[in-house]
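Working notes, structure below.
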Amino acid sequence: MLNYLIVLTFLPVAAGFLTLIGGRGASARKNAALVVFTIGLVASILSFISRPESLEMHLMDGFSLSAGYHVIAAFIMIFINLFGLLVAMYAGGYGEDKKEFYSYLLILIGFANLTVMASDLLLFAFGWGSMLVLLYAFLLPGSEASARKAVSVVGAADFMLILGIAIYATLARSTAIPSSGEGLPVETPLAFFAFILLFGGAIGKAGAWPFHPWIPDASTTASMPVMAILPASLDKLLGIYLLARVCTDLFTLNAGATGVILLVGGFTVMFAVMMALVQKDARKLLSYHAVSQVGYMVIGFGTGVPLGFAAGLFHMLNHAIYKTGLFLSAGAAGKEKGTFNIANMGGLAKFMPVTFVCALIFSLSISGVPLFNGFVSKWMVYQGGIQGLMEAGGPVLRVIFVVALLAAMFGSALTLASFVKFLHSVFLGQESDAGATAPKEAVRAMKYPLVVLAALCVILGVFPQLFLGHVIEPWMPEAAVLGGDWQALPAFILLALGLLIGAVVVFGWLARGKVRTSTAYFGGQAASEELNYPATEFYKSVQEMSPVAAFYRVMGWKVMDIYCVLTSVLKALGLGLYYIVDRGINLLTLGVGAAALGMSKAFGAAHTGNLDFYLVWCLLAMALLFFVIVW
């Protein structure tokens with residue numbers, strides 16, 4: 001275990017710091033990162049196969065620092081190092097000219113490995129918190145405001161995590177992460193509070209509502225390799241891994257906790273996908289979908305059934321794969337066009353066929369189209385939701401289940417609609433700049449990661465048991481029974497055969513000149529100008545519908561942006577305290593001073609030096625005193 005800890009944690013962190021303080025350029029740092037990540041990928045695969053013994057350093061009764069291999073964590077670590085390798089390779093072709101990028105990436109992967117290797121909450125919190133510093137370091141070159149917002153939002157979630165760990169350790173009398181599935185019952189208010197805190201820490205890292213607002217903002221200022229490695233892959237892997245441990249190992253959920261999870265998941269799906277539908281920047285469109293897809297994972301864990309847990313973990317992996325691919329393919333397209341505004345993109349499919357095919361696979365995967373990995377995990381979420389609904393006790397919880405299921409299914413349809421817009425605006429449609437230099441296919445360093453990720457989308461869609469059978473089932477106490485009759489391999493063969501026959505027929509017609517072009521007519525009149533269907537107008541009628549228009553109008557006020565809301569509240573509170581406390585004390589001080597000065601002047605005026613005048617005052621005072629006593 002110590003050897004794996006050194007190779008997977010100490011080696012990348014040390015390499016990151018050495019390349020950071022060294023005088024080498026970006027190329028040397030990239031090569032060092034590729035070598036270290038290749039070693040880490042091999043080591044993570046070997047560790048998943050061999051499952052080494054845990055390593056523990058005892059601190060005091062019930063508290064220790066320990067590293068070990070949970071089956072889910074060991075599998076996640078393979079993809080942590082794979083994503084690090086692919087993003088480092090892609091960044092070289094993308095032109096990531098910041099020398100610190102590869103150093104930060106090495107350190108980030110090292111601490112991510114440490115986080116999933118941790119078997120106790122103390123070591124886990126250390127690795128988890130270290131990545132917050134790296135998040136700031138990655139985003140700072142693009143925008144200080146964006147970096148500050150990300151650290152504020154994610155830092156608040158991390159604070160919730162640390163406070164939750166403290167309360168959990170107090171209740172459980174241990175910081176060890178149990179693996180038996182016998183978690184702390186969520187029965188007392190304090191246990192429920194600890195669960196809410198740890199749940200908030202998990203979804204804060206994953207980017208679910210309400211901890212999402214930094215992601216769309218960062219997408220427009222950070223480079224695509226940064227977006228691919230952080231909110232697209234590592235944050236999802238680590239956040240949902242923690243959520244899995246919270247819902248299955250650390251706590252035994254009750255109806256209240258289940259209801260909270262389902263409501264957060266359902267709202268995250270619908271809110272984010274509605275925002276993605278109207279975006280005109282490809283980066284923001286992808287960012288909102290990075291938020292929306294977390295909702296499916298959260299719903300899976302909220303079902304409370306083994307199939308739902310398996311669905312949440314499988315969708316976590318699938319999302320990390322296709323969302324990383326989407327950011328990378330959009331980055332390749334945006335690099336060629338020099339913009340990410342979808343109004344100024346289009347027609348790239350014939351110039352970038354490999355990138356287009358990969359982006360098509362990623363888009364179909366995230367939309368839940370059959371034969372791709374996203375379909376399998378979403379299908380499992382639906383089935384798990386139905387099983388949970390059948391086992392739910394109480395009418396309120398059943399209504400919540402129905403709402404969450406409707407949000408998941410309706411959100412999937414809107415996701416498909418969004419990616420029809422994405423594909424049309426970026427790769428299909430008409431070229432925006434006919435006279436500009438023709439775009440070129442992405443260089444090999446950028447294509448290879450796209451091809452690998454697209455192949456994984458197909459492989460896990462056709463052979464989902466590669467993940468479910470070897471990773472999920474050994475961890476779960478009971479089998480996750482998938483409802484419905486779905487055979488992925490025969491369906492893939494039939495669909496591939498149908499596509500092949502269709503291609504032969506179409507290309508045969510093209511070769512024989514049987515395809516004709518025709519003039520478009522409007523009201524019986526031929527169109528005088530070339531027709532154009534800009535993607536910016538897609539779903540505009542939906543956006544202008546009365547209830548939906550009100551939703552977008554309210555969203556324009558940033559009421560769902562927790563950072564903007566809290567900063568506005570704090571500014572208003574500060575202004576109120578300034579006028580009430582500071583100005584109030586100042587007014588009171590001036591008033592007391594003026595009153596004291598007035599009284600002193602009045603008493604000074606009474607001191608005339610005339611003895612008869614003083615006798616009159618004494619007699620009046622004695623009369624007043626006599627009156628008071630008698631009264």
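The values are calculated or read from the model by the stated rules, or taken from the named source; none is laboratory data. Small disclaimer: the values here were computed from a predicted structure and weren't measured. All Cβ positions, glycine included, derive from the backbone under ideal geometry; neighbour counts span all protein chains shown.
So, in region 185-201, how many residues would count as being touching a Ser or Thr at 6+ places or on another chain (Cβ under 7 Å) and either of a type in the set (Phe, Trp, Tyr) or part of a strand (DSSP E or B) (or both)?
First pass over region 185-201, keeping only residues touching a Ser or Thr at 6+ places or on another chain (Cβ under 7 Å): 185-186.
Next cut, either of a type in the set (Phe, Trp, Tyr) or part of a strand (DSSP E or B) (or both) only: 185.
The total comes to 1.
His319 fails exactly one of the following numbered conditions: (1) modelled with pLDDT under 95; (2) surrounded by 24 or more Cβ atoms within 10 Å (Cβ to Cβ); (3) of a type outside the set (S, T, N, Q). What is the number of that condition?
(1)
The rows are residues; the columns are (1) at pLDDT 90 or above; (2) not in a helix (DSSP H, G or I).
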{"position": "Thr355", "(1), (2)": "yes, no"}
{"position": "Gly368", "(1), (2)": "yes, yes"}
{"position": "Met380", "(1), (2)": "yes, no"}
{"position": "Gly429", "(1), (2)": "no, yes"}
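Going through region 74-84 one residue at a time, which ones are buried (at least 22 other Cβ atoms within 10 Å of the Cβ) and either in contact with a His (Cβ under 6 Å, 6 or more places away or on another chain) or within 26 Å of Tyr136 (Cβ to Cβ) (or both)?
Matches in region 74-84: Ile76, Met77, Ile80, Asn81, Leu82, Phe83, Gly84.
Taking the conditions exactly as written (closer than 30 Å to Val186 by Cα, part of a helix (DSSP H, G or I), over 14 Å from the mean Cα position of the chain (by Cα) and at pLDDT 95 or above), does Ile361 satisfy them or not?
no
Please list, ordered by residue number, the helices (runs of 4 or more DSSP H) wholly in region 1-104 having 2 or more residues that are β-branched (Val, Ile, Thr).
In region 1-104, 11-21, 26-50, 71-94 are the helices (runs of 4 or more DSSP H) which contain 2 or more residues that are β-branched (Val, Ile, Thr).
Residues checked against (1) at pLDDT below 95; (2) touching a helix residue (DSSP H, G or I) at 6+ places or on another chain (Cβ under 7 Å); (3) over 13 Å from Gly84 (Cα atoms):
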| position | (1), (2), (3) |
| --- | --- |
| Ile6 | yes, no, yes |
| Thr19 | yes, yes, yes |
| Ala32 | yes, yes, no |
| Phe37 | no, yes, no |
| Met57 | yes, no, yes |
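Does any residue of region 560-573 turn out to be modelled with pLDDT of 85 or more and outside any helix (DSSP H, G or I)?
yes
For Val133, work out the one condition from (1) surrounded by fewer than 21 Cβ atoms within 10 Å (Cβ to Cβ); (2) in contact with a helix residue (DSSP H, G or I) (Cβ under 6 Å, 6 or more places away or on another chain); (3) farther than 29 Å from Met476 by Cα it doesn't fulfil.
In the conditions (1) surrounded by fewer than 21 Cβ atoms within 10 Å (Cβ to Cβ); (2) in contact with a helix residue (DSSP H, G or I) (Cβ under 6 Å, 6 or more places away or on another chain); (3) farther than 29 Å from Met476 by Cα, Val133 misses (2) alone.
Would you check which residues across region 125-171 are more than 22 Å from Leu250 (Cα to Cα), assigned to a helix (DSSP H, G or I) and touching a Ser or Thr at 6+ places or on another chain (Cβ under 8 Å) and list them?
Selection gives Met131, Leu139, Ser146.
Report yes if some residue within region 263-285 is touching a strand residue (DSSP E or B) at 6+ places or on another chain (Cβ under 9 Å) and either crowded, with 24+ Cβ neighbours inside 10 Å or at pLDDT 95 or above (or both); otherwise report no.
Looking for residues that are touching a strand residue (DSSP E or B) at 6+ places or on another chain (Cβ under 9 Å) and either crowded, with 24+ Cβ neighbours inside 10 Å or at pLDDT 95 or above (or both), one finds at least one in region 263-285, hence yes.
Do we have Ala602 as at pLDDT below 85, assigned to a helix (DSSP H, G or I) and either small (Gly, Ala, Ser) or under 28 Å from Thr268 (Cβ atoms) (or both) here?
When the stated conditions are applied, Ala602 passes them.
Answer with yes or no whether Leu132 is under 21 Å from the mean Cα position of the chain (by Cα), within 26 Å of Tyr322 (Cα to Cα) and free of Cβ contacts under 8 Å to residues at least 60 places away in the same chain. Can you show your working first?
Details: under 21 Å from the mean Cα position of the chain (by Cα): yes; within 26 Å of Tyr322 (Cα to Cα): yes; free of Cβ contacts under 8 Å to residues at least 60 places away in the same chain: yes.
Yes, satisfied.
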